[in-house]
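Below you'll find the structure, written out as structure tokens, and then a few comments.
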Amino acid sequence: MYSAAQLFFKYLRYRFIALNGKGHGTHSPFVYAFIKNLLNDQRSFYAYEQVEQIRLQMRKDQRSIQIEDFGAGSRVHPTSTRKISAIAASSLKPKKYGQLLFRMVAFFQPKTILELGTSLGITSAYLSLANPGAKVWSMEGAPAIADLAESNFKTLGIDHIQMVRGDFDKTLAPLLETIESLDFVFVDGNHRYAPTVNYFNLLKPKMREHSILIFDDIHWSQEMEVAWEEIKKDESISLTIDLFFIGIVFFRKEQLVKQDFTIHY
Ligand SMILES: C[S@@+](CC[C@H](N)C(=O)[O-])C[C@H]1O[C@@H](n2cnc3c(N)ncnc32)[C@H](O)[C@@H]1O
């Protein structure tokens, strides 16, 4: 993984090359609408308050839990006993991104949603509250963390998330055998080159023209940047949007010329 200083310089570079986030100079009507309707939507939704209340509770929770360190590990907490408050402070997508995913799900209305990496269930909650009619799967390897996520779903009254427990390397392929297609996928766990490319290759046959695939932390490390560049080149993809902390992939066929955007968010 990059050091904090390296990441900071990467972020400065991103800010320098990113479009201004207002859509000026964007020649794709779809991307212009994406910026206007989703990135720049400042409205507050009731679900935001509900989910952020749970995040706050988790940030105050001083209990320690045993966790198995899957994947790329943590920059902040390499040990296997962690306070829930520390997990809530360092492992979860900040509200800015959780709420963007909420708006994307509310806007595109995906019927099938998959998240790799539930953690405490904060982003899963955003995804599922945005479309209560969707079928949602969320995958988590650490049992104590998965227990907390399920208890948070209960508190929020969410009953349409199916938790898939265990190592993605063992659980993803069998799960995908039971699903015909996926409309919305958020890959947020095991941020390393080989697993990320492998997850993409497993997910690709389940993608349809309207599907949206999101990778977290695409600039977190050199190997994640290489994985992101490789995924972007795949011939099935028609459009990508790099928001620095997440990368969004579209398969829309009406996009005749493949385009990669970097947009300030
Ligand atoms: C960054 S956290 C997910 C945060 C969550 N998506 C959110 O924003 O609220 C990543 C989670 O993925 C889990 N994870 C990482 N690699 C995994 C693997 N190979 N199999 C199963 N779970 C894994 C970790 O235990 C961790 O809880």
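The values are calculated or read from the model by the stated rules, or taken from the named source; none is laboratory data. What you see is a predicted model, and the numbers here were worked out from it, not measured in a lab. Cβ placement follows ideal geometry from the backbone for every residue including glycine, while neighbour counts extend to all protein chains displayed.
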_For the stretch 19-44: of the residues being at pLDDT 85 or above and in a loop (DSSP other than H, G, I, E, B), which is farthest from Tyr97 (Cα to Cα)?_
Ser28
*Name, by its number, the condition in (1) in contact (Cβ under 8 Å) with a residue 40 or more places away in the chain; (2) closer than 28 Å to Arg192 by Cα; (3) among the polar types (S, T, N, Q) that does not hold for Ser138.*
(1)
*Looking at the stretch 198-212, which of the residues that are within 16 Å of the ligand (Cβ to nearest atom), buried (at least 17 other Cβ atoms within 10 Å of the Cβ) and among the aliphatic types (A, V, I, L, M) is nearest to Glu230 (Cα to Cα)?*
Leu203
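Anything in the stretch 121-142 that is more than 10 Å from the ligand (Cβ to nearest atom) and within 20 Å of Leu175 (Cβ to Cβ)? List them, or say none.
Ser128, Asn131, Ala134, Lys135, Val136, Trp137, listed by residue number.
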*Can you pull out the residues in the stretch 109-158 that are out of contact with any helix residue (DSSP H, G or I) (no Cβ under 9 Å at 6 or more places or on another chain), assigned to a helix (DSSP H, G or I) and under 26 Å from Glu177 (Cα atoms)?*
Pro143, Ala146, Asp147, Glu150
*asked:* Going by what's in this entry, would Ser90 be described as within 12 Å of the ligand (Cβ to nearest atom), in contact with a His (Cβ under 9 Å, 6 or more places away or on another chain) and at negative phi?
replied: yes
